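Right, one structure below, let's go through it.
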Amino acid sequence: MEMEEKEEAKCSSENRYWILRHGKSIPNETGLIVSSLENGIRPEYQLAADGVTQAQLAGQSFLKDLKERKIPVESVRICYSPFARTSHTAKVVASVLNIPFDGPQCKVIEDLRERYFGPSFELMSHDKYPEIWALDEKDPFMQPEGGESVDDVAARLARAVAITESEFQGCAVLIVSHGDPLQILQTLVDAAKQHTGDDLASRIQAVKVPSVLSQHRKFALLTGELRLVI
């Protein structure tokens, strides 16, 4: 059985990447920052009803995009953060695509988790986000007290891309994650496109510099927003 699953997970040539921010979550509705893994995986912080609808619409848009590009659903790989709101979103999208969520086409990657903003922000109001983003713009290597800097998140996103690049070839990879991580990932990918010759994972490593990382807010996504990035 394990060998069969490995065979199913094989593709050929280069990957294409889409990103999807989770649908509107219960923390979004209540205005809470839920950024620690311990809190994030709790079922009471999964999608709100509107978020489920957003995830369904994103799945339909993704399926339409695949059909227009003549990409078979068999080549899709859904990689998602372990948080309740992202795994819930990924599960809804998998259902729209008729992909078994517990099968080899869906993979949880812990490095895609939400950015941890630190204990002074955890379970506090969303109104505190601008404090962090102002710090990011000044110095993306500076950590909020007890939390992750932009560079910290970029490092684990680079690892996540290295994993997908090593495990999948010629696949349509959908990354289901969170606002800040996906902003940071887009910033890295956009800069990496200017580099040629190296593999994607190496190019992303090469552009992890302050002048790039400090710009991540330019790539903000709405909840449930789908984008093709490569």
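The values are calculated or read from the model by the stated rules, or taken from the named source; none is laboratory data. Keep in mind that this is a model prediction, so the values were computed, not measured. Backbone-built Cβ (ideal geometry, glycine too); neighbour counts: all protein chains shown. Side chains included, ligands, DNA and RNA excluded: accessible areas come from the protein's heavy atoms. Shrake-Rupley method; radii C 1.70, N 1.55, O 1.52, S 1.80 Å.
Key figures for this structure:
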| item | result |
| --- | --- |
| Residue in segment 211-225 that is least open to solvent (accessible area, probe 1.4 Å), counting only those that are closer than 17 Å to residue 130 by Cβ and in a helix (DSSP H, G or I) | 216 |
| Filtered residues of segment 69-112 (kept if within 14 Å of residue 40 (Cβ to Cβ), open to solvent by 20 Å² or more (accessible area, probe 1.4 Å) and not in a loop (DSSP other than H, G, I, E, B)) | 80, 87, 88, 108, 110, 111 |
| Unique match (being open to solvent by 10 Å² or more (accessible area, probe 1.4 Å), of a type in the set (D, E, K, R) and part of a loop (DSSP other than H, G, I, E, B)) among 190, 198, 152 | 198 |
| Selection status of residue 127, in contact with a Gly (Cβ under 9 Å, 6 or more places away or on another chain), in a helix (DSSP H, G or I) and closer than 18 Å to residue 24 by Cα | yes |
| Flag for residue 115 being crowded, with 22+ Cβ neighbours inside 10 Å and either free of Cβ contacts under 8 Å to residues at least 12 places away in the same chain or in a loop (DSSP other than H, G, I, E, B) (or both) | yes |
| Scope segment 162-178; condition open to solvent by less than 10 Å² (accessible area, probe 1.4 Å) and part of a helix (DSSP H, G or I); matching residues | 164 |
